[in-house]
Amino acid sequence: MMTNLLLAGALALTATASATIPQGFLLWEKAAATKDDNPETNWAVSGRTSARLTVNPCDKAKLASAGRVAARTIVYTSVPDFQKSEQVILFSSADLATQAMAGLRSALRTCATVKSPGPDYRYVGKKAALGDEGLAVTGQSYDGRRAAIGGERAIVARRGNALVLYSQAGEWGKPAASDFAAQTKDARTMLAKICSIASC
């Protein structure tokens, strides 16, 4: 019995260590691969495991980097002021993915307000009912107590050993719950299929 348990554990570790994200798995990959002659728009796709977390209040390269075994990041940019991103990260264990979420929550507290000569930039994270744990992250420029133009809205969710992130940045004004509609929809779609490549 013990031998069977050890074998099962070894097989699970091997499967996780060799985890990959298949081409075409992310929701936006088809759009990103479509030829676009518009000089004011751009798609960038990266399979680098070391890619910076796309929701990163303190702008730290190492945030949520420990234990990654696979990652894919898609960023769409439209001149002059719109950007959206999709990111899926697989970790070697659910515990390390949980630690990644904890690191993000800590960053949201540490860098809750980013001072500048102009408007301050503030971050707020709230629980979202997605996956095993989820966050709705608001980044917003403020002139005193008044919301200025410019911000980001992101959904970050964990299921098993996987993190999924969907973010939009642009000319946001006063934060509203409806700001997260598209990101939440995409996160739910990804979470519904993530267990085909993750350990859930």
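The values are calculated or read from the model by the stated rules, or taken from the named source; none is laboratory data. The structure presented is a predicted model; accordingly, all values stated were derived computationally and were not measured. Neighbour counts run over all protein chains shown; Cβ positions are idealised from the backbone, glycine included. When the accessible area is computed, the model is the full protein with side chains, heavy atoms only, and any ligands, DNA or RNA have been set aside. Shrake-Rupley method; radii C 1.70, N 1.55, O 1.52, S 1.80 Å.
Values computed for the structure shown
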| quantity | calculated |
| --- | --- |
| Heavy-atom accessible area ranking, 1.4 Å probe, most first, across T113, T138, T77 | T113, T77, T138 |
| Among K35, K84, K62, residue whose mean-square fluctuation peaks in a GNM of the chain (springs only between Cα atoms under 10 Å) | K35 |
| Formal net charge of residues neighbouring D179 (Cβ-Cβ distance under 13 Å; K, R +1; D, E -1) | +3 |
| Longest DSSP-loop-exposure-free segment, GluC sites (Glu not before Pro), the chain, at most 15 other Cβ within 10 Å | 41-170 |
| Chain lengthening between D132 and Q99 when straightened (0.36 nm per residue, less Cα-Cα) | 10.6 nm |
| Under 20 Å from the Cα of K127 - aspartates and glutamates, other chains or at least 8 residues apart | E86, D95, E152, D179, D186 |
| Per-residue HN-Hα couplings for the range 51-58 [Karplus 6.51, -1.76, 1.60; θ = phi - 60°; Hz; x = Gly/Pro] | 4, 5, 4, 6, 10, 8, x, 8 |
| Helical mean residue ellipticity (222 nm; -39500 (n - 2.57) per DSSP H run of 4+; nearest 500) of the chain | -8000 deg cm²/dmol |
| Coil-residue trypsin sites (Lys or Arg not before Pro) of the range 122-192, DSSP, other Cβ within 10 Å capped at 16 | R145 |
| Violating pairs (Cα-Cα greater than 22 angstrom) within the set K60/K185; K60/K174; K30/K193; K126/K193; K35/K62; K62/K174 | K60/K185; K60/K174; K126/K193; K35/K62; K62/K174 |
| For the range 34-175, with +1 on Lys and Arg beta carbons and -1 on Asp and Glu, the positive-most of T113, T98, G173 along the dipole | T98 |
| Electrostatic dipole magnitude of the chain [Cβ: Lys, Arg +1; Asp, Glu -1; Cα centre; debye, to 20] | 500 debye |
| K115, K30, K193, ranked by accessible area, largest first (probe 1.4 Å) | K30, K115, K193 |
| Listed candidates (i) 18.3, 58; (ii) 17.9, 66; (iii) 17.4, 54 - label of the one calculated as Rg and Dmax of the Cα atoms in Å | (ii) |
| Helix axis angle, 2-17 relative to the chain longest principal axis, alpha carbon, degrees | 40 degrees |
